[in-house]
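A short write-up of the structure that comes next.
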Amino acid sequence: MAKYQAILFDLDGTLINPKEGITKSIQFALEKLGAPIPSPNELEWCIGPPLRESFSTLIKNASADQIDQALDYYRSRYRDIGMYEHFVYPGIKEMLSQLHLEGYPLFIATAKPQVFAAEIAKNLGFDGYFTKIHGAELDGTRTDKGELIQYIVESHSIQEPAVMVGDRKYDIEGALSNGLHALGVTYGYGSHEELKEAGSHHLCH
């Protein structure tokens, strides 16, 4: 196979484990709204999908205004505390360094707001490995992984073959809808079955 022309990485559940920051920030938002508060383990499914969708499920019969308020509460805690409550998976920095040395154009493609993703990568010291860090906008633009990947491919004129690496079905489906190879990682928050059913070409354990 020809060398990949670009490698796109999801962030949460792929490069870093963000469970503490995300689940505590969700709990904070739910508490502020007087909604039932699941445990951190019960909130793991929220790591990956757009938060607006998750809050729509967590807060029964919520209005659009309530969902907006939940997002505001979440972001207030996440911005100050939550984005620093994570750890890098073992071997990730070494892998990124090696791929960068070998000349692969690397990108982050995350549904997390770009302003948070860029700050996290900078704080962890691996932002320099990436050609560009892409995420959603705070207004919800490009939270859909397929739309985000399309935007990245078009913005950087990425040619085939290219690959998307991620831990949830959204990463796999987004890759396939844009003609990219899909590599699922099983150490994140998507199961082996979820990744295979979504159509992942390869799995990395």
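The values are calculated or read from the model by the stated rules, or taken from the named source; none is laboratory data. All values derive from a computational prediction rather than experimental measurement. Cβ: placed from backbone, ideal geometry, glycine included. Neighbour counts: every protein chain shown. Please note that ligands, DNA and RNA were not included when accessible areas were found on the heavy atoms of the full protein model with its side chains. Shrake-Rupley method; radii C 1.70, N 1.55, O 1.52, S 1.80 Å.
Tabulated data for the structure shown
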read-out: Strands (runs of 3 or more DSSP E) (entirely within the range 84-169) containing at least 1 residues that are closer than 17 Å to G13 by Cβ and of a type in the set (D, E, K, R); value: 106-113
read-out: Evaluation of N41 against (1) touching a Leu at 6+ places or on another chain (Cβ under 6 Å); (2) at pLDDT 95 or above; (3) not charged (D, E, K, R) (one fails), failing number; value: (1)
read-out: Selection from the range 94-142 of residues that are at pLDDT 95 or above, open to solvent by 60 Å² or more (accessible area, probe 1.4 Å) and among the aliphatic types (A, V, I, L, M); value: M95, L101
read-out: Matching residues, the range 66-100, being within 18 Å of A117 (Cβ to Cβ), among the β-branched types (V, I, T) and more than 16 Å from the chain's Cα centre (by Cα); value: I81
read-out: Search result, residues across the range 170-205 that are closer than 26 Å to F87 by Cβ, part of a loop (DSSP other than H, G, I, E, B) and touching a residue at least 60 places away in the same chain (Cβ under 8 Å); value: Y187, G188, Y189, G190
read-out: Conditions (1) under 25 Å from E119 (Cβ atoms); (2) more than 21 Å from the chain's Cα centre (by Cα); number of the one not met by G13; value: (2)
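Here is a yes/no grid of residues against (1) assigned to a loop (DSSP other than H, G, I, E, B); (2) out of contact with any Asp or Glu (no Cβ under 6 Å at 6 or more places or on another chain); (3) free of Cβ contacts under 8 Å to residues at least 40 places away in the same chain:
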site	(1), (2), (3)
K24	no, yes, no
F28	no, yes, no
S39	yes, yes, yes
S54	no, yes, yes
